[in-house]
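Working notes, beginning with the structure itself.
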Amino acid sequence: MLGILSITQGGMTGTIADPKPVFVAALKAAASYIILAHNHPSENLKASNEDLRLTKKLVEGGSR
């Protein structure tokens, strides 16, 4: 593992997560792979529509 980085911190109802800082950090670290994780303070384990959209953006961005 090359490091751990907090990209964003939100409140009980949401946060803004931008894929750019994720990839900037990975490129600066010369990482071959990235592992992303997040939690839901509400303790709801079901992925929201926003979670799914962000995941899709990150997968598409990482495949280029």
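Data table
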{"read-out": "Degrees between helix 19-28 axis and first principal axis of the chain (Cα, 0 to 90, nearest 10)", "value": "30"}
{"read-out": "Dipole of the chain, positive direction: furthest Cα of THR15, GLY62, LEU5, with charges on the beta-carbon", "value": "GLY62"}
{"read-out": "Cα gyration tensor shape for the chain, rounded if a/c is under 1.5, else prolate or oblate", "value": "prolate"}
{"read-out": "The chain, relative contact order in percent, only Cα pairs under 8 angstrom and at least six apart counted", "value": "35"}
{"read-out": "Cβ-defined net charge surrounding ALA17, 11 Å radius [Lys, Arg +1; Asp, Glu -1]", "value": "0"}
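Values quoted throughout were computed directly from the atomic coordinates according to the rules given, and no laboratory measurement underlies them. Small disclaimer: the values here were computed from a predicted structure and weren't measured. Note: ideal-geometry Cβ built from the backbone for every residue, glycine included; neighbour counts use all protein chains shown.
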